[in-house]
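Below is one structure, written out as structure tokens; the observations come after it.
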Amino acid sequence: MWSRMNRAAEEFYARLRQEFNEEKKGASKDPFIYEADVQVQLISKGQPSLLKTILNENDSVFLVEKVAVNWALYHGSQS
């Protein structure tokens, strides 16, 4: 179980690192979905955000949130 959790954490970290490196190259992107139910957005210096009050202007942060389930789509796929 530990190795599976560790592997999942490493994969998630690699994906975040990839997004961070692309942002550094100037390839700003929209939020992306990770593992079907987690939405991730990289917030960087110069982007307006609600996090501005807690951000140091020289840093970037990842905003990670659980994606809301669209029950209409879910039930439609069950038939």
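The values are calculated or read from the model by the stated rules, or taken from the named source; none is laboratory data. Source: prediction; values computed, not measured. Counting neighbours? That spans all protein chains shown, and the Cβs are built from the backbone with ideal geometry, glycine included.
A few comments on the model shown:
- One residue from Gln41, Gln18 being at pLDDT 65 or above, in contact with a Pro (Cβ under 9 Å, 6 or more places away or on another chain) and either surrounded by 10 or more Cβ atoms within 10 Å (Cβ to Cβ) or charged (D, E, K, R) (or both): Gln41
- All positions within region 21-34 that are within 10 Å of Val67 (Cβ to Cβ) and surrounded by fewer than 11 Cβ atoms within 10 Å (Cβ to Cβ): Ile33
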